[in-house]
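Reading through the structure tokens given below for one structure.
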Amino acid sequence: LAVVGIALSPWAELALLDWITVDSRLCAVQLNGTVRTRKDRDTRRCLFVISAYSPTNCSSDHVKDEFCGKISGLLQNVRRCDVVIVAHDFNAQLAELSEMERHLGGSDGVMTQRTDNHI
């Protein structure tokens with residue numbers, strides 16, 4: 001049984017706008033906040049934090065596709081100005097990043113073979 005959650009500090013609890021529970025593998029919170037956009041100016045932004053636990057590689061394609069659909073549905077709640085953080089266990093092995101993926105986390109990767117569990 002997979003269960004996800006998000007732990008909030010007392011300060012973050014005060015900023016909580018919405019708690020979204022999808023299922024035992026997927027939940028999110030929306031927090032009120034501001035972002036420094038210029039030296040002398042803050043802009044109001046919401047922080048949208050997603051906690052997710054992917055099906056394992058041995059799960060059926062139907063289960064994996066359903067999970068991806070739920071993440072897509074959850075992201076429909078994100079406004080264009082929101083800051084999105086995804087805390088995710090992809091249950092995957094990732095090989096060296098492709099050119100298109102390098103902006104996501106650097107250019108280094110583990111020398112291994114990818115599984116089908118990458119989104």
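Criterion first (of a type outside the set (Ser, Thr, Tyr), at pLDDT 90 or above and part of a strand (DSSP E or B)) does Asp65 satisfy it?
So Asp65 fails the test.
Take Ile50 and tell me if it is at pLDDT 90 or above and part of a loop (DSSP other than H, G, I, E, B).
No: the conditions fail for Ile50.
Go through (1) at pLDDT 90 or above; (2) part of a helix (DSSP H, G or I) for Val22 and report which single condition fails.
(2)
Can you find, within the range 11-48, the residue that is most open to solvent (accessible area, probe 1.4 Å) among those that are of a type outside the set (A, V, I, L, M, F, W, C) and closer than 30 Å to Val63 by Cα?
Filtering the range 11-48 for residues that are of a type outside the set (A, V, I, L, M, F, W, C) and closer than 30 Å to Val63 by Cα, the one most open to solvent (accessible area, probe 1.4 Å) comes out as Thr21.
Failed condition for Val110, given (1) modelled with pLDDT of 65 or more; (2) among the hydrophobic types (A, V, I, L, M, F, W, C); (3) open to solvent by 80 Å² or more (accessible area, probe 1.4 Å), with all others met?
Val110 satisfies every listed condition except (1).
The values are calculated or read from the model by the stated rules, or taken from the named source; none is laboratory data. No experiment lies behind these values; they were computed from the predicted model shown. Areas reflect the complete protein model, heavy atoms only, side chains present, ligands, DNA and RNA absent. Shrake-Rupley method; radii C 1.70, N 1.55, O 1.52, S 1.80 Å.
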